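Worksheet: one structure, shown below.
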């Protein structure tokens, strides 16, 4: 028991190292890439954040350089992150480095929305907890410019071919951390998802999640609805994002296309107050029906719920104490 | 006519009450209501190490119809509260509730929108057991305190009177949320 615990991390590392060169093998046969890179990406995401950061921020748009067939974008990026440790990858890596140099100029700039300091909104206290000095930059990654690389361009162009007023529908495309996000105008969402599901070249059959995000600092786009779509046929994943103002939090429902979104939309409504027009029965799903407010919004009080126990009180974290 | 005429008044009833209480306290049928980490301690309580079989509780009933004690082991979420109440309603009388752990008693560390701040918002609680989570020994102790309470539960007309008195006390007492400075 005692000696097994410290032994664990090294074991994990060896496994990871053993797995790493996988994308090289994958690259040599670009026809049949689909299943492995996804696994690889998942493992990478859970193990080393440094790698991901590198891969995503600088190298994601490089993939335009190597858009062969059905190649998975993540497979392209991986060998580059290996270069420091495994010198086996040579020609690929140098090509990527050249691309990186090109990219440096074209890299999209992130939009800084807000800079948050400290924790729980506590200000002006000599906080000794270590959280007082936290600085969190709330930023949106900048828009990507086509060509994106790999199947991303195929999807993008296919959507363009299907929808005539394309630029009105897809407002922005963001590629961040090896994932693609389409920002969609809300009035076209229902129409777009129907194409995404039914078109033979797209086939995003599965809507794996609908969720919400609240950005109080994003004026007139405070609430975002986020849709994760997966294509079982092509093993691709994309993300759609719809932003609406707090004063008019309406998004058309996608339940008609993706029946699985039913409860997801109810939860998003319950937690964020986004109203999904056309949903068959939009009621609260987690909280009681008569609950006031939407708990996952940033302006919802943090704690401070009255406890009916012999006069005990628990102040919310932002009022707790100043040291 | 019978025995009761020869005894001083009340003696026989008291004795029956005693016997009743003794029997009841020795025959608890807990319902399985594990909600969180406290449930692990509750399972240990039923397992050989702490062996609640020593006082006849090793069989946790999966059906509320066969149970008369609900050990609420863990935090009760807003979503779970109606379910908990329904299970309580399905249990036949007489029945008892033991709020195990600080979360079931007061919400504990989960002072937020998702968790009911004390299971006594939903069902009447007979015994509060603090701890996060309480050790099985503490559950044993709470159980014996509850047994003691059950042991001295009145029956018949006395039970009705006791219930009325308890209700009167509750009506006169300030609401829990108005009580101040009692927390030591």
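Let me confirm something: among B:60, B:28, which residue is away from every other protein chain (no Cβ under 14 Å), crowded, with 16+ Cβ neighbours inside 10 Å and without any contact (Cβ under 8 Å) to a residue 40 or more places away in the chain? Quick ask: steps written out before the conclusion?
Working: B:28 fails: without any contact (Cβ under 8 Å) to a residue 40 or more places away in the chain.
After applying the criteria, what remains is B:60.
Which condition from (1) away from chain A (no Cβ under 14 Å); (2) touching a residue at least 60 places away in the same chain (Cβ under 8 Å); (3) closer than 30 Å to residue B:47 by Cα; (4) touching a helix residue (DSSP H, G or I) at 6+ places or on another chain (Cβ under 6 Å) is the one that residue B:72 breaks?
(2)
Every residue in region A:197-221 that is touching a residue at least 60 places away in the same chain (Cβ under 8 Å) and surrounded by 15 or more Cβ atoms within 10 Å (Cβ to Cβ), please. Full working, then the answer.
Taking region A:197-221 first, the residues touching a residue at least 60 places away in the same chain (Cβ under 8 Å) are A:197, A:212, A:214-218.
If the condition is that a residue be touching a residue at least 60 places away in the same chain (Cβ under 8 Å) and surrounded by 15 or more Cβ atoms within 10 Å (Cβ to Cβ), then A:197, A:212, A:214, A:215, A:218 are the ones that fit.
Restricting to helices (runs of 4 or more DSSP H) lying wholly in region B:1-93: which have 1 or more residues that are at pLDDT 90 or above?
Values: elements: B:3-6, B:11-25, B:37-46, B:81-90.
Hits in region B:1-93: B:37-46, B:81-90.
For (1) touching a residue at least 24 places away in the same chain (Cβ under 8 Å); (2) under 22 Å from residue B:106 (Cβ atoms), each residue gets a yes or a no:
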site	(1), (2)
B:139	yes, yes
B:145	no, yes
B:155	yes, no
B:170	no, yes
B:174	no, yes
B:179	no, yes
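Among the candidates B:148, B:120, B:141, which residue alone is in a helix (DSSP H, G or I), away from chain A (no Cβ under 14 Å) and closer than 23 Å to residue B:167 by Cα? Explain how you work it out, then say what you get.
Numbers: B:120 fails: away from chain A (no Cβ under 14 Å); B:141 fails: closer than 23 Å to residue B:167 by Cα.
So the residue among B:148, B:120, B:141 that is in a helix (DSSP H, G or I), away from chain A (no Cβ under 14 Å) and closer than 23 Å to residue B:167 by Cα is B:148.
Among (1) without any contact (Cβ under 8 Å) to a residue 12 or more places away in the chain; (2) touching a helix residue (DSSP H, G or I) at 6+ places or on another chain (Cβ under 6 Å), which single condition is residue B:83 missing?
All conditions pass for residue B:83, except number (2).
Does residue A:278 qualify as being at pLDDT 85 or above and at positive phi? Walk me through how you get there before you give the answer.
Values: at pLDDT 85 or above: yes; at positive phi: yes.
It is true that residue A:278 is at pLDDT 85 or above and at positive phi.
Closer than 21 Å to residue B:117 by Cα and either modelled with pLDDT under 90 or more than 14 Å from every other protein chain (Cβ to nearest Cβ) (or both), is that true of residue A:320? Even if it seems obvious, please write down each step before you answer.
Values: closer than 21 Å to residue B:117 by Cα: yes; either modelled with pLDDT under 90 or more than 14 Å from every other protein chain (Cβ to nearest Cβ) (or both): yes.
The answer is yes for residue A:320.
For region B:152-167, does any single residue satisfy the condition of being touching a strand residue (DSSP E or B) at 6+ places or on another chain (Cβ under 8 Å), part of a helix (DSSP H, G or I) and exposed (fewer than 15 other Cβ atoms within 10 Å of the Cβ)? Spell out how you get there, then give the answer.
Kept after step one, since they are touching a strand residue (DSSP E or B) at 6+ places or on another chain (Cβ under 8 Å), are these residues of region B:152-167: none.
For region B:152-167, residues touching a strand residue (DSSP E or B) at 6+ places or on another chain (Cβ under 8 Å), part of a helix (DSSP H, G or I) and exposed (fewer than 15 other Cβ atoms within 10 Å of the Cβ): absent.
The values are calculated or read from the model by the stated rules, or taken from the named source; none is laboratory data. Because the structure is a prediction, the values reported are computed rather than measured. Cβ coordinates were reconstructed from backbone atoms using ideal geometry, including for glycine residues, and neighbour counts include every protein chain displayed.
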